[in-house]
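*Asks:* Below you will find the structure I want to go over with you.
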Amino acid sequence: MPTTITMPQLGETVTEGTVAQWLKKVGDTVEKYEAFVEVSTDKVNAEVPSPVSGTIRELIVSEGQTVPTGAPIAIIDEVGAMPVAAPPAAQPQPALTAFAATAPASNGNGAPNGKAPAGNGDLRGVSPAVRRLAREHQVNVASVRGTGASGRVTARDVIAAAGVNTVGSLQIATPPPAATPATPAAPATIPSVSSADTAARPAPAVAQTGPVDLIPLTQARRIIAQRMVESKHTAPHAWTMVEVDVTNVWKWRLREKDAFERTHGVKLTLLPFFMRAVVESLALFPLMNAAFTPEGLRLHREINLGMAVAVEGNLLVPVIRGAAALSITGLALAAGAIVARARAGKLGVDDLSGGTFTVNNTGANGSVMSAPILVNGQAGIITMEAVIKRAVVRDDDAIAVRSMMNVCLSLDHRVIDGAIASGFLVDVKRRLEAMGPAGAL
């Protein structure tokens, strides 16, 4: 009996999904609860398990195509049902999405015609982010020799196999060698513009003076760009900063870190101390834990702390729920678990939704001052910058070497005015400076 599989709703606010990669092709058998497709949303990539055991009859939606939740994406002949011959080619369904008219036709494997799906081999142990990178660079993961733990294929392995150079955190395509032309080469035309259009348009005011490398946009980068633009265009950002003397809490952390790691298996950084000060201040300044809506300001009763994490060229903001109820130890363990799942590509939609306020440890990268962009729907994002030892004039006019850290706050000026923002930031400063060896982890 044929079963129609629909696009799942991966989260309460998710209304559509993109078929990032078919893990099975037409004619393949699939077991119940076995992942057969990878779906991408604006929040997360997730492997979707089959609800039945059977044989893939048809892949209705092409890789890269976006359809609403609940729309048919595949048909599976359940075990025991009379098999039906698969059509020669699974065509996109125009009724499913407004983009169907421009979506590429698919071959029997659900991949665009003329392209073999990347990663046709055994993909077990390969993270969704690495598989996504392989698709974008047309690399067959099964043919890549992994250099990670236990031979796992990493992003660097895929980039090397694709012939891509890395400069810092950027990936730059390596241009093929070319003979020196006798005459200057004509500028390349943009594929989406016709020859007639380019002929009718005037030459650019600034001529290119050298070679240009094009860095293709990954799906994650497109989503990040869209969300950043939406945030800046929607919320009027304001910014403020305080300087914090973290000498005492830094010494406390240094004294406890070795025993803490032996006991809990997690490194003790300054982040959980900072988080604890933030959640205590949020309780005192509830508007900082609010969101703007046309109907009014929505005050969140719980503090669900988002934590910015950079993983394999992607930016994620997983959430620690109920952060106000956690001690410094609890926040350290929760943060460590989130980072571990993020690096393993195992974050789910629930991990990335429901945040009410965000913390960003920009100082881990050496930053001393930053103006972060708000997460959509949140009134504030706070950063802890690098801890730097320097000479400071104390209240008694004595000069001493202290461990100093800047704390920066971006805020939605529709929700928060300067007095509240300054009061919140000064309270965070007061709590951090009051922390010391007499406290409890």
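*Asks:* Within the group LEU347, LEU352, LEU374, which residue is at pLDDT below 90, hydrophobic (A, V, I, L, M, F, W, C) and touching a helix residue (DSSP H, G or I) at 6+ places or on another chain (Cβ under 8 Å)? Steps first, please.
*Replies:* Working: LEU352 fails: touching a helix residue (DSSP H, G or I) at 6+ places or on another chain (Cβ under 8 Å); LEU374 fails: at pLDDT below 90.
Every option except LEU347 fails the conditions.
*Asks:* When segment 344-398 is examined, which residues are found to be under 22 Å from MET228 (Cα atoms) and charged (D, E, K, R)?
*Replies:* ASP350, ASP351, GLU385 - these are the residues of segment 344-398 that are under 22 Å from MET228 (Cα atoms) and charged (D, E, K, R).
*Asks:* Now a separate question. Hey, can you tell me all the residues within segment 269-286 that are of a type in the set (A, V, I, L, M, F, W, C) and either within 22 Å of GLY363 (Cα to Cα) or surrounded by fewer than 18 Cβ atoms within 10 Å (Cβ to Cβ) (or both)? Quick ask: steps written out before the conclusion?
*Replies:* Here is the first cut: in segment 269-286, the residues of a type in the set (A, V, I, L, M, F, W, C) are 270-271, 273-275, 277-279, 282-285.
LEU270, LEU271, PHE273, PHE274, MET275, ALA277, VAL278, VAL279, LEU282, ALA283, LEU284 - these are the residues of segment 269-286 that are of a type in the set (A, V, I, L, M, F, W, C) and either within 22 Å of GLY363 (Cα to Cα) or surrounded by fewer than 18 Cβ atoms within 10 Å (Cβ to Cβ) (or both).
*Asks:* Could you check, for segment 382-392, whether at least one of its residues is among the charged types (D, E, K, R), assigned to a loop (DSSP other than H, G, I, E, B) and either crowded, with 18+ Cβ neighbours inside 10 Å or not assigned by TED's automatic domain parsing to the domain that holds LYS257 (or both)? Don't jump to the end; show me each part of the working.
*Replies:* Initial filter on segment 382-392 (among the charged types (D, E, K, R)): 385, 389-390.
Narrowing the set further to residues that are assigned to a loop (DSSP other than H, G, I, E, B) leaves 385.
If we keep only those that are either crowded, with 18+ Cβ neighbours inside 10 Å or not assigned by TED's automatic domain parsing to the domain that holds LYS257 (or both) too, we end up with 385.
Within segment 382-392, one or more residues are among the charged types (D, E, K, R), assigned to a loop (DSSP other than H, G, I, E, B) and either crowded, with 18+ Cβ neighbours inside 10 Å or not assigned by TED's automatic domain parsing to the domain that holds LYS257 (or both).
*Asks:* Looking only at segment 247-268, which residues are buried (at least 18 other Cβ atoms within 10 Å of the Cβ) and not charged (D, E, K, R)? Before the answer, list the steps.
*Replies:* Residues of segment 247-268 that are buried (at least 18 other Cβ atoms within 10 Å of the Cβ), as a first pass: 247-250, 252-253, 260, 266, 268.
Within segment 247-268, THR247, ASN248, VAL249, TRP250, TRP252, PHE260, VAL266, LEU268 meet the criteria.
*Asks:* Picking from GLU312, GLU295, GLU302, GLU280, which residue would you name as being closer than 16 Å to ILE381 by Cα and among the acidic types (Asp, Glu)? Talk me through it step by step, then tell me what you get.
*Replies:* Numbers: GLU312 fails: closer than 16 Å to ILE381 by Cα; GLU295 fails: closer than 16 Å to ILE381 by Cα; GLU302 fails: closer than 16 Å to ILE381 by Cα.
When all the criteria are applied, what remains is GLU280.
*Asks:* Mind checking which residues of segment 327-357 are in a helix (DSSP H, G or I) and either among the β-branched types (Val, Ile, Thr) or not assigned by TED's automatic domain parsing to the domain that holds LEU374 (or both)? Walk me through how you get there before you give the answer.
*Replies:* Within segment 327-357, the subset in a helix (DSSP H, G or I) is 328-343, 350-352.
ILE328, THR329, ILE338, VAL339, listed by residue number.
*Asks:* Of everything in segment 292-307, what is free of Cβ contacts under 8 Å to residues at least 60 places away in the same chain and buried (at least 17 other Cβ atoms within 10 Å of the Cβ)? Give them in sequence order. Working first, answer last.
*Replies:* Looking only at segment 292-307, we keep the residues that are free of Cβ contacts under 8 Å to residues at least 60 places away in the same chain, and these are 293-296, 298-305, 307.
Selection gives HIS300, ILE303, ASN304, LEU305, MET307.
*Asks:* Check ARG321, ARG341 and return the single one that is free of Cβ contacts under 8 Å to residues at least 40 places away in the same chain, more than 20 Å from ASN289 (Cα to Cα) and charged (D, E, K, R). Quick ask: steps written out before the conclusion?
*Replies:* On the way: ARG321 fails: more than 20 Å from ASN289 (Cα to Cα).
Selected residue: ARG341, the only one of ARG321, ARG341 that is free of Cβ contacts under 8 Å to residues at least 40 places away in the same chain, more than 20 Å from ASN289 (Cα to Cα) and charged (D, E, K, R).
*Asks:* Only residues in segment 222-241 that are of a type in the set (S, T, N, Q) and surrounded by 14 or more Cβ atoms within 10 Å (Cβ to Cβ) count as the first member; pair them with residues that are at pLDDT below 95 and not in a strand (DSSP E or B), Cβ under 6 angstrom, at least 6 apart or cross-chain, and list the lot.
*Replies:* As it stands, the answer is SER231/ASN376, since those pairs meet every condition given.
*Asks:* Regarding ASP417, is this residue in contact with a Leu (Cβ under 7 Å, 6 or more places away or on another chain) and not β-branched (Val, Ile, Thr)?
*Replies:* Numbers: in contact with a Leu (Cβ under 7 Å, 6 or more places away or on another chain): no; not β-branched (Val, Ile, Thr): yes.
Against the criterion (in contact with a Leu (Cβ under 7 Å, 6 or more places away or on another chain) and not β-branched (Val, Ile, Thr)), ASP417 does not qualify.
*Asks:* Another question, then. Out of all the residues in segment 35-60, which are modelled with pLDDT of 90 or more and either touching a helix residue (DSSP H, G or I) at 6+ places or on another chain (Cβ under 8 Å) or part of a loop (DSSP other than H, G, I, E, B) (or both)?
*Replies:* SER50, PRO51, VAL52, SER53, ILE60
The values are calculated or read from the model by the stated rules, or taken from the named source; none is laboratory data. In this text the structure is predicted, and so the values were computed from the model without any measurement. Methodologically, a virtual Cβ is constructed for each residue, glycine included, from the backbone with ideal geometry; neighbour enumeration extends over all protein chains shown.
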